[in-house]
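See below for the structure under consideration.
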Amino acid sequence: MTRPKKLVLAVIDALSPQALERAVAEGRAPALAGLMRHGHYVSDCISTFPSLTPVAASAITTGLGPDEHLIPSMNWYHRGEERYVEYGSSFPATRAFGVLRSLQDTVYNMNLAHLAQDRETVFERLDDAGLRTAGTTYLIYRGRHRHQPAVSRYSKLAEAAQFRHPVWGPRELFYADLFDSRDTGCSSVLGMPGQRDRHAGCVGAHLVENDLFDFLLFSLPDNDTYSHREGPDKQVTSIAEADRALERLFHAAGGIDAFLETHAVIVMSDHSQSPVEETINLATHLGDWKVLTPSDAAPDEAEIAVCPGARSAMVYVLDPDRRERMAPRLAEHLRGVKGVDLVIRRDGDEGVVTRGGGELRFAPDGPLTDERGVTWNVEGELETLDLTDFDGQLHAGDYPDALGRLWSALACRRAGDVLLSASPGSEFVDWGGSHHRGGGSHGSLHRCDSHGVLLTCDVGPGPARAEPWHLRDVTPMVLDHFGIPS
């Protein structure tokens, strides 16, 4: 039996299909252009809802939606621990919740406590099969190999930030200078934006040159940070930086042709970004209720927790006995807030979504079939989600895979009682008062945030499928490549 090629899964955070195509046309992304010539390119791979990096990264590495992987957003309320969880919406938001607490949640708890313990990551599946796994700095890294904190020039800073405990990751783990499974001579300056893609390129080249992996998750996150600041129309500059990191991989093997003789490749984005022109301070619109603040001196008096997540948000009713009564009232109130596009909640066994004056109720297992072959029972106005019914076949418009993504978000037991998706051009202000007005953001159900890139070379069945591609399809594709049942 022929041994499968080694596989690189490169995730370029927030990579917009339009920006990629422009970078290639302008000659700014020769490595990606070469992969496009050799492989299959899809420009409408669908993200999660919310279309935020923690949720999307969990989907990419597990093949599951938030109903199963249990990471609901960037900022959420932990009902069991009665506190907010903040994964780093901004530095002011991190400071509002406590820098050490936020860092511990992001680096340790997201993988070792919050990510579903009864579901396996792609690293765990491949580790169990005896394959050599590797990963550069990525939010989801859980694997079967134990790693102690790295000894480096940043060790004192890491110790001060309480990064003292081991983690479980792929066989070769390189995480922001905090965890290094071996000395590569590469540094990310503790994961500083603008340094992370270069660090990944340096580490990746070392791994290729020394034949240290069968599967590498090659994370290139700097495009997201740049696009947040400068706007998605300026992504060509940050795409060029990510492209140089890919070139380093190819160069270590003797060029792209030599690299592709022994390696299969997937390049993808977790979501896109859209321009931000207006902001929504959600807490100020909920003055009729006592909102729990990050440093609330009387948390027992709070009625609701408010969790902004860029162009999405969640509201939690804190008293479970009042949840059934309060959630519809909150939803009705929030549908009138300027900049809120969709208001979503659960009503028994149904999902309810409103937009403007329209309402749609939906649940799985009905007479209508969506583009991914899932059946639904739907009542109300299809225009609410820009859906069209062609003889029992539902076709999506501005909200790709709307029913599937919304149902997965609502079914996540850690999600809020009311979910919100912002209108194009609007963003929710985070708890640190930060926003990306004048730049770009993401998180909504709308296609402007939800369509990403999927580029494959020598892996997967190719782009010709009846249903659209989704982030959840990538882990099964990786497992199938190595002959592991998915």
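We did not get these values from a lab; they are worked out from the coordinates using the rules stated. This one's a predicted model, so the numbers in the text were calculated from it and none came from an experiment. All Cβ positions, even for glycine, are placed from backbone atoms using ideal geometry, and neighbour counts span all protein chains on display.
Rounded to two decimals, the Cα-based Rg/Rh of the chain, with Kirkwood Rh, is 0.96.
What does the highest-first list of 214-227, 38-51, 90-103 look like by mean Cβ count within 10 Å?
Details: 214-227: 25.6, 38-51: 23.7, 90-103: 17.6.
So the order, starting with the most tightly packed, is 214-227, 38-51, 90-103.
Given a Förster distance of 51 angstrom, what is the FRET efficiency for THR2 paired with ASN377, based on the Cβ-Cβ distance and rounded to 0.05? Efficiency at R0 = 51 Å is approximately 0.65. Summarising the label geometry, the points placed 7 Å from Cα in the beta-carbon direction at SER486 and THR284 lie 4.6 nm from one another.
Charge tally around SER450: other residues with Cβ under 12 Å, Lys/Arg +1 each, Asp/Glu -1 each, net -2. Under conditions of 37 °C and 0.692 mPa s, segment 278-435 yields 201 µm² s⁻¹ as its translational diffusion coefficient, taking Rh as the Kirkwood radius over Cα pairs in the Stokes-Einstein equation. In this simple spin-label model, placing a label point 7 Å from the Cα along the Cα-to-Cβ direction at both ARG229 and GLU26 gives a separation of 1.7 nm. Taking a ≥ b ≥ c as the square roots of the eigenvalues of the Cα gyration tensor of segment 383-442, is the shape rounded (a/c under 1.5), prolate (a/b larger than b/c) or oblate? The shape class here is oblate. So what is log10(I(q)/I(0)) for segment 358-486 at q = 0.16 1/Å, when the Debye sum runs over its Cα atoms only? Each listed q corresponds, in turn, to -1.00. The HIS38 and LYS338 beta-carbon pair, evaluated with R₀ = 45 Å, returns a calculated FRET efficiency of approximately 0.40. Suppose R0 equals 51 Å. What FRET efficiency, 1/(1 + (r/R0)^6) with r the Cβ-Cβ distance, do HIS145 and SER295 give to the nearest 0.05? Efficiency, from the Cβ-Cβ distance: 0.85. What is the sum of charges, Lys and Arg at +1 and Asp and Glu at -1, for the other residues whose Cβ falls under 9 Å from the Cβ of ASN377? Residues close to ASN377 contribute a combined charge of -2.
Lys/Arg Cβ at +1, Asp/Glu Cβ at -1, dipole of the chain taken about the Cα centre: which of ALA415, GLY366, SER238 is farthest positive-ward? So the residue furthest toward the plus end is SER238. What shape does segment 1-144 have by the C-alpha gyration tensor, where a ≥ b ≥ c are the square roots of the eigenvalues, rounded means a/c under 1.5, and otherwise prolate means a/b greater than b/c and oblate the rest? Cα axes put segment 1-144 in the oblate bin. Within the shell of other residues whose beta carbon sits under 15 angstrom from the beta carbon of ARG83, the net charge comes to -3, with Lys and Arg scored +1 and Asp and Glu -1.
Just from its helices, what would the mean residue ellipticity at 222 nm be for the chain, if runs of 4 or more DSSP H residues each count -39500 (n - 2.57) and the sum is divided by every residue, rounded to the nearest 500 deg cm²/dmol? Mind dumping the intermediate values first?
Numbers: 16 runs with 141 residues, N = 486.
The helix-only estimate for the chain comes to -8000 deg cm²/dmol at 222 nm.
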